[in-house]
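Questions regarding the structure given below will be posed in turn.
The values are calculated or read from the model by the stated rules, or taken from the named source; none is laboratory data. Bear in mind the structure is a predicted one, so any value in this text is a computation, not a measurement. Reconstructed Cβ throughout: ideal geometry from the backbone, glycine too, with neighbour counts over all protein chains shown. Just so you know, the surface numbers come from the protein's heavy atoms only, side chains and all, with ligands and any DNA or RNA stripped out. Shrake-Rupley method; radii C 1.70, N 1.55, O 1.52, S 1.80 Å.
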Amino acid sequence: RHRVKQNAPPRKIAEELTHLKSLPWREIRSYLTQEFGAAGLEPTGDEDRPFQPRELAAVGRHPLVHLGNHTRTHTILTNLSLPNVRQQIAMAQQDLHRICGVNARAIAYPNGAHSVEVRQAAKEAGLTLGVTIERHKDYLPLGDDPQGLLNLGRFQIIRDRPLIQQLEIYRGDFGRDRRRQDAAARNVAA
């Protein structure tokens, strides 16, 4: 936000973000405070502020809402040692239980970053679903592979790409591609 106000080139902003994502959260906080002062960490309005605990508890009580884990400090888990990964996940579970009285069943990995070890730590913490930012389909039935449930893909429309083309990629199994696959399978079986 502050770099945009400074008219920094988008490429420089992207490079700075990539660098910051490689750091522990305390170093990121220190860097932002040094670069932008205390105001660099302050929300600018309701759109970018975190929930207050009472607000989170109220949302969590809604029957159509299922709160999930996103770690305690939003640290990218693949940058941490395994004990710290476990700690980040466990502390977020404890916070959700203390504030909302719920035990999260799902985790959305910060920045989508995960590994076999991170997924195993999530499983050990009692989480059964893990959402990445990887663009891939997850085929039914999902329950066949417990690690697969902790590696769910995400469909996201990218505004600068043709919409129909994106939709075809995600639904290709139900169109011509699926018919071709079925015909090829029948030919192999014959």
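Which of the residues spanning region 92-116 are surrounded by 15 or more Cβ atoms within 10 Å (Cβ to Cβ) and more than 11 Å from the chain's Cα centre (by Cα)?
Result: 92, 93, 95, 96, 99, 100, 102, 104.
If you take the residues in region 43-83 that are in contact with a Pro (Cβ under 9 Å, 6 or more places away or on another chain) and not in a loop (DSSP other than H, G, I, E, B), which one is most open to solvent (accessible area, probe 1.4 Å)? Step through it out loud before you land on a result.
Step one: of region 43-83, the residues in contact with a Pro (Cβ under 9 Å, 6 or more places away or on another chain) are 43, 49-50, 56, 70-71, 73-77, 79-80.
In the following step, the residues that additionally are not in a loop (DSSP other than H, G, I, E, B) were identified as 56, 77, 79.
Working: 56: 37, 77: 1, 79: 77 Å².
Once the filter is applied, the top-ranked residue is 79.
Follow-up question, since we're still on this one. If only one of 133, 157 is more than 27 Å from residue 60 (Cβ to Cβ) and either in contact with a helix residue (DSSP H, G or I) (Cβ under 7 Å, 6 or more places away or on another chain) or open to solvent by 40 Å² or more (accessible area, probe 1.4 Å) (or both), which one is it?
Details: 133 fails: more than 27 Å from residue 60 (Cβ to Cβ).
Testing whether each residue is more than 27 Å from residue 60 (Cβ to Cβ) and either in contact with a helix residue (DSSP H, G or I) (Cβ under 7 Å, 6 or more places away or on another chain) or open to solvent by 40 Å² or more (accessible area, probe 1.4 Å) (or both) leaves just 157.
So is residue 87 over 15 Å from the mean Cα position of the chain (by Cα), open to solvent by 30 Å² or more (accessible area, probe 1.4 Å) and over 30 Å from residue 27 (Cα atoms) or not? Talk me through it step by step, then tell me what you get.
Numbers: over 15 Å from the mean Cα position of the chain (by Cα): yes; open to solvent by 30 Å² or more (accessible area, probe 1.4 Å): yes; over 30 Å from residue 27 (Cα atoms): no.
No, not satisfied.
Look at residue 18 and say whether it is among the polar types (S, T, N, Q), assigned to a loop (DSSP other than H, G, I, E, B) and at pLDDT 90 or above. Steps first, answer last, please.
Details: among the polar types (S, T, N, Q): yes; assigned to a loop (DSSP other than H, G, I, E, B): no; at pLDDT 90 or above: yes.
Considered against the rule, which asks whether it is among the polar types (S, T, N, Q), assigned to a loop (DSSP other than H, G, I, E, B) and at pLDDT 90 or above, residue 18 comes out as no.
Output yes when any residue across region 29-41 is at pLDDT below 95, part of a loop (DSSP other than H, G, I, E, B) and within 25 Å of residue 127 (Cβ to Cβ), and no when none is.
Scanning region 29-41, I find no residue that is at pLDDT below 95, part of a loop (DSSP other than H, G, I, E, B) and within 25 Å of residue 127 (Cβ to Cβ), so the answer is no.
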